[in-house]
1. Being in contact (Cβ under 8 Å) with a residue 40 or more places away in the chain and under 19 Å from ARG20 (Cβ atoms), is that true of even one residue in the stretch 70-84?
2. Given the criteria open to solvent by 50 Å² or more (accessible area, probe 1.4 Å) and either among the aromatic types (Phe, Trp, Tyr) or at pLDDT 95 or above (or both), does PHE7 qualify?
3. Among (1) under 19 Å from ARG19 (Cα atoms); (2) open to solvent by 30 Å² or more (accessible area, probe 1.4 Å), where does THR88 come up short?
4. List the pairs whose first member sits in the stretch 42-57 and is at positive phi, whose second member is of a type in the set (A, V, I, L, M) and open to solvent by less than 70 Å² (accessible area, probe 1.4 Å), and whose Cβ atoms are under 9 Å apart, counting only residues at least 6 apart or on separate chains?
5. With the stretch 17-103 as the region, which strands (runs of 3 or more DSSP E) entirely inside it contain at least 3 residues that are over 11 Å from the mean Cα position of the chain (by Cα)?
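The values are calculated or read from the model by the stated rules, or taken from the named source; none is laboratory data. Since this is a predicted model, take the numbers as computed values, not measurements. For neighbour counting, all protein chains shown are included, and Cβ atoms are generated from backbone atoms with ideal geometry for every residue, glycine included. Only protein heavy atoms, including side chains, enter the accessible area calculation; ligands, DNA and RNA are left aside. Shrake-Rupley method; radii C 1.70, N 1.55, O 1.52, S 1.80 Å.
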Amino acid sequence: MSIWNFFRAAGNQRSRLGRRGERYAARWLRRRGFRILRRNLSVGKDEADLLARDPDGVTLVIVEVKTRRSSNPPPELAITRHKQQHLTQLAARVLKQKRFQDCAIRFDV
């Protein structure tokens, strides 16, 4: 196997693991009363894995899923300051939409 095929295969495995993690997170949230509004929400260069409505019916939740094979280091440490800025910009754009103007918003990892 060439070195390029090795890296391509590793990337495909990470991609599959990530998609599986996102499906699991969406199912976990639905079972707890959340309503999944969008998957892979993208506005310009800003992206989040899930947009959900909290069971309280008022709060929007922007969910960033980080799936790892191991919990060391914790996946939430992968949310860099740069990613936080993009999530904040995404939230501002979402809240400008008329149907979300009266909503509170939070971020879950």
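1. Within the stretch 70-84 (the criterion being in contact (Cβ under 8 Å) with a residue 40 or more places away in the chain and under 19 Å from ARG20 (Cβ atoms)), the answer is no, since none of the residues qualifies.
2. yes
3. Result: THR88 passes all but (1).
4. Listed by first residue and then by second, the contacts come to GLY44/LEU90.
5. 35-43
Residue-by-condition table, conditions (1) open to solvent by less than 30 Å² (accessible area, probe 1.4 Å); (2) farther than 23 Å from ARG27 by Cβ:
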residue: SER42; (1), (2): no, no
residue: ALA52; (1), (2): yes, no
residue: ASP56; (1), (2): no, no
residue: ILE62; (1), (2): yes, no
residue: PRO73; (1), (2): no, yes
residue: THR80; (1), (2): no, yes
residue: LEU95; (1), (2): no, yes
residue: LYS98; (1), (2): no, yes
residue: VAL109; (1), (2): no, no
